[in-house]
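What follows is a single structure, written as structure tokens, with notes after it.
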Amino acid sequence: MRIGIVAKPRLADVGETLVAIEAWMARHGVDAVWSPETAEGLPPATEPRVVVDRDRLPGMVDLMLVLGGDGTLLAMADRIAAADRDIPILGVNFGSLGFLTEITRPELFASLDAVVDGRASHDERMMLRATVGTGGPVTGTAAEGHDPARGLIALNDIVFTRGALSRMVELSVWVGEQFVTTVRADGLIVASPTGSTAYNLSAGGPIVHPSLDAILITPIAPHTLSNRPVVIPAEREVRVVPTAAVAGDEVYVTVDGQSGFPLPADHPVTITRAARPLRLVRASARSYFEVLRQKLKWNER
């Protein structure tokens, strides 16, 4: 087995954990493949370590071990999708919340033992695929190199927001061939069930169990208060089109909070369920609802 190890850059107090991980892998005969910034947190070694950049890492390993928070995991989920690999992620929470990186630091080595022994449980999480229509050039950190055949892949959400100087966005929303509504709001979130506890939750959207096949459409601070979130079947196609009244640089598209680009008015964005889900190693000691209770502090004052 080869395990890729990625830690959040400049993560405090991770050095001791990295040393312990390297020792655990040596004892279990597991090959470690380190991202460059993660390897920098280790002391010098007598034998050279295998160090590979993050983009190439998913193509070389059987498991991704992510140390940090949900943002670090989301960044690696996109790279796994880009590599078209079906490898699980074991996310260890070094932050304060972490719905995705639910495994705690004390549970790290027990979880690794379970993976190596074949006892680990996995959750399959639906991902979203977004493609940008062609009406002219689109540039930005997500759109550059945009491959229409693969699309832009998100585990949590595709978010449309207003630019710095615009007062609100105006977006036409379609489900399949059926027109839904024109949203006039600060923005719009199209989320997966996994993303229901991310920006969607902050915007007043519903919590949707990750085992459901669904897509959520949630307006952000809508101008009309009757404009409410909608949950649709995952096999449906969502199309979001900036209206002609909106200047192109006033709508900004963000993919999983990791990258984004300005969307011209004549560029529709089509969002569907991605062909391949993402596998997350689950902390078997806790149910999904226990994670919600812990993270959201239910019944605590």
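Below, the figures for the structure above:
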quantity	calculated
Considering residues of segment 105-136 that are among the hydroxyl-bearing types (Ser, Thr, Tyr) and buried (at least 16 other Cβ atoms within 10 Å of the Cβ) only, the residue nearest to HIS267 (Cα to Cα)	THR131
Residues being in contact with an Asp or Glu (Cβ under 8 Å, 6 or more places away or on another chain) and at pLDDT below 90 - total across segment 160-174	6
Residue, surrounded by the most Cβ atoms within 10 Å (Cβ to Cβ), within segment 171-197, restricted to residues that are within 22 Å of PRO262 (Cα to Cα) and among the aliphatic types (A, V, I, L, M)	ALA191
Failed criterion for VAL183 (all others in (1) free of Cβ contacts under 8 Å to residues at least 40 places away in the same chain; (2) over 18 Å from GLU124 (Cβ atoms); (3) touching a Pro at 6+ places or on another chain (Cβ under 9 Å); (4) of a type in the set (A, V, I, L, M) hold)	(1)
Residues that are in contact with a helix residue (DSSP H, G or I) (Cβ under 8 Å, 6 or more places away or on another chain) and of a type in the set (Gly, Ala, Ser), drawn from segment 1-26	GLY4, ALA7, ALA20
Pick from segment 68-86, criterion under 15 Å from ASN156 (Cβ atoms) and touching a Phe, Trp or Tyr at 6+ places or on another chain (Cβ under 8 Å), ranking: surrounded by the most Cβ atoms within 10 Å (Cβ to Cβ)	ASP70
Which numbered condition THR218 fails, given (1) in contact with a Pro (Cβ under 6 Å, 6 or more places away or on another chain); (2) part of a loop (DSSP other than H, G, I, E, B)	(2)
Considering residues of segment 246-286 that are at pLDDT below 85 and under 25 Å from VAL208 (Cβ atoms) only, the residue surrounded by the fewest Cβ atoms within 10 Å (Cβ to Cβ)	ALA285
Filtered residues of segment 70-92 (kept if at pLDDT below 90 and either outside the structural domain of THR38 (by TED's automatic domain parsing) or within 21 Å of THR17 (Cβ to Cβ) (or both))	none
In segment 1-30, the residues that are more than 22 Å from THR101 (Cβ to Cβ) and assigned to a loop (DSSP other than H, G, I, E, B)	GLY29
THR243 being closer than 24 Å to MET168 by Cβ and modelled with pLDDT of 95 or more	no
Total residues in segment 78-111, condition over 22 Å from GLN294 (Cβ atoms) and assigned to a helix (DSSP H, G or I)	5
One residue from VAL231, VAL208, VAL159 being more than 17 Å from the chain's Cα centre (by Cα) and either crowded, with 17+ Cβ neighbours inside 10 Å or without any contact (Cβ under 8 Å) to a residue 60 or more places away in the chain (or both)	VAL231
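Matching residues to (1) assigned to a loop (DSSP other than H, G, I, E, B); (2) in contact with a strand residue (DSSP E or B) (Cβ under 7 Å, 6 or more places away or on another chain); (3) not charged (D, E, K, R):
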residue: ALA32; (1), (2), (3): no, yes, yes
residue: THR38; (1), (2), (3): no, yes, yes
residue: LEU42; (1), (2), (3): yes, no, yes
residue: ARG54; (1), (2), (3): yes, yes, no
residue: GLY59; (1), (2), (3): no, no, yes
residue: LEU65; (1), (2), (3): no, yes, yes
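The values are calculated or read from the model by the stated rules, or taken from the named source; none is laboratory data. Because the structure is predicted, anything quoted here is derived from the model rather than measured. Heads up, the Cβs are rebuilt from the backbone with ideal geometry, glycines too, and the neighbour counts pull from every protein chain shown.
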